[in-house]
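*Asks:* Starting off with a structure, shown below.
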Amino acid sequence: MKFTSKKFILASILILILININFLRGALKKNLSHETKVFIKELFFGKKYIEEVFFYRSLNYNQKKLPQTLYEKIFLKKVPLNNLTTSSSSHYAKIKKLKIKSKKFFLENFDNENIIYASFDGTIGIISLNNFYENDPINTNLNKYKIHSLLDIKLIKDHIFVSLSYNDKDKKDCTYFLISYAKMNTKFLNFNEFYKSNKCLSNTLGGRLINYNHMNVEGLLVSMGASDKEKELAQNDNSPYGKILFFDLDTKKHIIFSKGHRNPQGLIYSDGYIISTEHGPYGGDEINKILFKKNYGFPIASLGEPYKFAKKNDGNREDFQFKKQHKKYNFEEPIFSFSQGIGISEIAKIPKQYSKYWINNYFISSLNGRSLYRVNFDDDFNKLNYIEKIYIGERIRDIIHVSSKNIFILALEETGSLGILSGPKSIN
């Protein structure tokens, strides 16, 4: 292309911009040659930028943007919360030495008109489902603990349970695991200890709570992670860490339900099966079918590796630290493992009334992936049939379905907002 020709094109573009930008865009697309379009884009945006745009478009081929998803339209509305505290850094951020600040919080259904939220610092409050009005926080006695992080909240009948880690008063970077409960009251929550670990760790992980009946005993399933510094505890039957525990609600006694876990962040009982979503090491996030007395391999077997493995991309890189075959070493294979870790968090079933196109589907939320993953399992929950990534754009700590409104509510922790995810049949 001659230089004078280029000058003419640029002059024409500037004149048309002053007349009508929409007319300009349409005319250029229709009349300019491909080579000329490329030249203009590279001139204004730079060749490197255009190459990056093309790369990411190719990478996300056929991925939809809200409200479009595969077969369905879902709409996202964000409602900021006012009473959340900003967390200085996450466990992941400390490992990766990243400056990530977030407003970590959890959600629970209360009644047909309200939901409960619980911030990582122990703040608990009620939110109206009619207008998403945030009431003043409920007064509690949780300040008797030096809370490091609240880990989950669960309402069982007329009692509210919370799991949390709290700091040792005399030791730095040493946290205990605690389950506490109180009779539900919107004025004051008087918490009492249900369970407390007798050993503190550098970081207390997991903490998901679900109601579960085991051998005709009503109880509580609780996930407890094992931090990387104390990972050997996951295989130690004398330690609760790295386990999923079952607690008898009446006696408060517990048994080890399963072991060999690193950091189970999601837990659900659905269709007769217990499903857990678990933070693995670098490149090893898992979805597991939890069976009684089974061993899930950590820290012996994992499809991931320690975070430091990624830094040694040279001839001096060490061998794999973890075995890559679970079954060969008498461990349970994961249903699925994300080779590119997504920071997996909670799992929730999508009910029939939400979408007729997504029957027997589940949402899995993610932190670093900033997305929901819509998945479908086979009949025995041994494998995934398919998976669809739905980009949300924020770290998603928790997700619940509210049947009275037929909506999903997400805990969006970067902006500290409720993400109201409504489908075509939802009540807005």
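*Asks:* Can you list residues from other chains, or at least 5 along the same chain, whose modelled amide H is less than 5 Å from the amide H of residue 345?
*Replies:* HN-HN under 5 Å from residue 345: 365, 366, 367.
*Asks:* Follow-up. Quickly rank 350-362, 386-398 as a protection proxy: mean count of other C-beta atoms within 10 Å, highest first.
*Replies:* 386-398, 350-362
*Asks:* Now for a separate question. What residues qualify as long-range amide H neighbours of residue 323, i.e. H under 5 Å apart, gap of 5 or more or another chain, H built at 1.01 Å from N?
*Replies:* Those lying under 5 Å, H to H, from residue 323 are 301, 302.
*Asks:* Taking region 148-295 on its own, what percent of its Cα-Cα pair distances exceed 25 Å?
*Replies:* 24
*Asks:* Using only the alpha-carbon atoms, what does the chain span along each of its principal axes? Please give whole angstrom values in decreasing order.
*Replies:* Over the chain, Cα extents along the principal axes are 86, 59, 48 Å.
*Asks:* Still on this structure, please answer the following. Averaged across orientations, what area in nm² does the convex hull of the alpha carbons in region 378-428 project?
*Replies:* 5.1
*Asks:* Regarding region 321-381, what whole-number volume in Å³ per residue does the convex hull of its Cα atoms give?
*Replies:* Once divided by residue count, the hull of region 321-381 is 111 Å³.
*Asks:* How high is the relative contact order of the chain, given as a whole-number percent (alpha carbon pairs under 8 Å, six or more residues apart)?
*Replies:* Details: 975 pairs, mean separation 49.3, N = 428.
12 percent.
*Asks:* Something else now. List the residues whose amide H sits under 5 Å from the amide H of residue 152, counting only those 5 or more places along or on another chain, with H placed 1.01 Å from N in the peptide plane.
*Replies:* 163
*Asks:* With every protein chain present, what accessible area does residue 307 have (1.4 Å probe, heavy atoms only), rounded to the nearest 10 Å²?
*Replies:* We get 40 Å² for residue 307.
*Asks:* Of 101/243; 259/328; 289/324; 154/253; 294/389, which ones are farther than 21 Å apart at the Cα?
*Replies:* 101/243; 294/389
*Asks:* Cα axis of helix 3-19 to longest principal axis of the chain: angle in degrees, 0 to 90, nearest 10?
*Replies:* On a 0 to 90 degree scale, this one is about 70.
*Asks:* Moving on. Taking θ = phi - 60°, what integer Hz values does the Karplus form 6.51 cos²θ - 1.76 cosθ + 1.60 yield along region 361-368, in sequence order, with x for Gly and Pro?
*Replies:* Running phi through 6.51 cos²θ - 1.76 cosθ + 1.60 with θ = phi - 60° gives 9, 10, 9, 10, 9, 9, 8, 5 Hz.
*Asks:* Using C-alpha positions alone, give me the convex hull volume of region 112-171 per residue in cubic angstrom.
*Replies:* Once divided by residue count, the hull of region 112-171 is 84 Å³.
*Asks:* Cross-link partners among aspartates and glutamates for residue 183, C-alpha distance below 18 Å, same-chain residues fewer than 8 apart left out?
*Replies:* Those aspartates and glutamates meeting the cut-off are 108, 111, 152, 158, 193, 218, 248, 250.
*Asks:* I'd like the accessible area for residue 274, computed on protein heavy atoms only with a 1.4 Å probe and all protein chains in place. Round to 10 Å², please.
*Replies:* 10
*Asks:* What is the Cα radius of gyration of region 323-428 over 2.2 N^0.38 Å, N being its residue count?
*Replies:* Working it through for region 323-428, the quotient is 1.18.
*Asks:* On to the next question. Between residue 330 and residue 357, what FRET efficiency follows from the Cβ-Cβ distance if R0 is 35 Å, with the result rounded to 0.05?
*Replies:* FRET efficiency, residue 330 to residue 357: 0.30.
*Asks:* What's the FRET efficiency of residue 174 with residue 79 using the Cβ-Cβ distance as r and R₀ = 41 Å, to the nearest 0.05?
*Replies:* Values: r = 37 Å, r/R0 = 0.90.
Here the calculated transfer efficiency is 0.65.
*Asks:* What FRET efficiency comes out for the pair residue 51/residue 318, r = Cβ-Cβ distance, R0 = 45 Å, nearest 0.05?
*Replies:* 0.85
*Asks:* Let's test this: bin the Cα-Cα distances of region 71-202 at 5 Å from zero up to the farthest pair and state each bin's percent.
*Replies:* Going from the shortest bin to the longest, the percentages are 2, 9, 17, 21, 18, 14, 10, 5, 2, 1, 0, 0.
*Asks:* Using the Cα centre as the reference, give the magnitude of the dipole from point charges on the C-beta atoms of the chain (Lys, Arg: +1; Asp, Glu: -1; all else neutral), rounded to the nearest 20 debye.
*Replies:* For the chain, the charge dipole is close to 1700 debye.
The values are calculated or read from the model by the stated rules, or taken from the named source; none is laboratory data. These figures come from a predicted structure and were not determined experimentally. All Cβ positions, even for glycine, are placed from backbone atoms using ideal geometry, and neighbour counts span all protein chains on display. Note: areas computed on protein heavy atoms with side chains; ligands, DNA, RNA excluded. Shrake-Rupley method; radii C 1.70, N 1.55, O 1.52, S 1.80 Å.
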